[in-house]
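Worksheet for the structure shown next.
The values are calculated or read from the model by the stated rules, or taken from the named source; none is laboratory data. Model, not experiment: these values are computed from the prediction. Here Cβ is always computed from backbone atoms with ideal geometry, including for glycine, and neighbour counts include all displayed protein chains. For accessibility, only protein heavy atoms count, side chains too; no ligands or nucleic acids. Shrake-Rupley method; radii C 1.70, N 1.55, O 1.52, S 1.80 Å.
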Amino acid sequence: MPKSSNQKLRILYLMRILLQETDEAHLLSANELVSKLAKLDIAAERKTIYDDIEALKLFGLDIIIGRGSTYGYHVASRDFELPELKLLADAVQSSKFITEKKTLSLIKKLEGLASRHEAGKLRRQVYIQNRVKNMDESIYYSIDALNEAISAGRKISFRYFDYNLRKEKVFRRNGARYVVSPSALSWTEENYYLIAYADDREGITHYRVDRMSNVRMLDEKRSAQAAAFKLADYSKKVFGMFGGEEADVRLRVNNRIIGAVIDRFGKDIIMIADGDEHFTVTVRVALSPVFYGWLFQFGNLCQPLSPQSLKDELKRMAEELVQRVT
């Protein structure tokens with residue numbers, strides 16, 4: 001019997017079968033592997049299977065043989081375990097900037113990293129209907145261009161827009177292009193933001209990536225400030241990507257919300273006990289409406305002690321709110 005054109009690819013097809021069809025709960029015997037190869041017009045014997053599996057194990061594929069009532073071969077470990085794939089699938093489907101079409105495409109690719117049996121568990125996690133999703137797939141090209149510019153240390157230009165009541169794009173500056181030095185990309189509160197230094201503003205500013213159009217990398221090198229930017233330090237000070245005047249804020253906090261404070265500012269903050277039920281902490285933040293809202297949500301559990309300008313602003317906002325609701 002002449003060899004088929006697939007015969008030279010036998011070991012590759014065997015590897016694909018093992019990756020797609022087996023896991024800890026689903027094993028395939030040598031005879032079953034021979035049968036599956038035969039359906040691909042590939043002739044093989046049991047000894048051939050044994051030799052090929054040994055070669056795949058030497059190559060690095062983690063193949064284990066089960067004996068007794070569960071005799072057969074299966075792939076024991078993969079680049080991504082099922083819980084990790086579920087985590088990635090959740091991140092993809094919950095992201096607003098990824099379109100529904102791209103969400104389905106990405107999760108399909110994630111399924112390919114698991115056995116077909118485990119892929120079904122990923123598929124059952126997809127509930128994207130009626131979720132708020134971006135409709136413009138050009139955002140992926142913008143993200144790619146921004147990452148390339150950041151890596152190359154170059155400036156970028158783009159157009160920036162808002163929406164009107166008819167949900168039409170309205171470009172700022174009458175459509176003129178912005179030119180900035182990109183520092184970092186940040187995924188904050190379900191949106192992607194570009195953090196950059198704008199020469200005309202002489203400081204840090206933020207741009208929603210899904211509102212950026214026609215992103216281009218320029219030949220000009222980005223500013224030294226943009227290159228030295230530290231996202232981790234900056235994210236502790238900024239709330240919701242709203243900038244503002246920075247200040248050292250001292251708070252008296254009830255122990256009941258210590259977790260919320262650590263979640264917001266990190267574990268490296270210095271907390272000083274103030275009685276049995278409270279502590280004080282000093283944090284560096286950008287004073288903005290979003291930060292004020294963060295404080296208001298805790299009511300009397302979080303009391304600002306300084307600076308006085310912060311206390312005055314919170315009092316003004318509270319009085320204005322009272323007037324609006326009375």
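Local charge sum around Leu58 (other residues, Cβ-Cβ under 14 Å, Lys/Arg +1, Asp/Glu -1)?
-3
Looking at Ala25, Ser138, Ile107, which one has the Cα that reaches farthest to the positive end of the dipole of the chain (charges on Cβ: Lys, Arg +1; Asp, Glu -1)?
Toward the positive end, the furthest listed residue is Ser138.
How much of the accessible area of region 1-54, probe 1.4 Å, is carbon plus sulfur, in whole percent?
53 percent
What does the charge count near Ala76 come to, summing +1 for each Lys or Arg and -1 for each Asp or Glu among other residues with Cβ under 9 Å from its Cβ?
My count for the surroundings of Ala76 gives -2.
Considering only Ala226, Leu295, Ala89, whose Cα is most displaced toward the positive end of the charge dipole of the chain, charges sitting on Cβ of Lys, Arg (+1) and Asp, Glu (-1)?
The listed residue farthest towards the positive side: Ala89.
With unit charges on the beta carbon (Lys/Arg positive, Asp/Glu negative), name the residue among Ser306, Asn255, Ala196 whose Cα is farthest towards the positive pole of the charge dipole of the chain.
After comparing all options, I get Ala196.
Per residue, how large is the accessible surface of region 198-326? Use a 1.4 angstrom probe and give square angstrom.
Result: 61 Å² of accessible area for each residue.
Could you calculate the contour length gain from Asn255 to Asp144, that is, 0.36 nm times the residue separation minus the distance between their Cα atoms, to one decimal place in nm?
35.6 nm
How big is the dipole moment of the chain about its Cα centre under a simple scheme where the beta carbon of each Lys and Arg is +1, that of each Asp and Glu is -1, and everything else is neutral? Debye, nearest 20, please.
For the chain, the charge dipole is close to 980 debye.
Carbon and sulfur: what percent of region 176-326's accessible surface (1.4 Å probe)?
Of all accessible area on region 176-326, carbon and sulfur atoms account for 49 percent.
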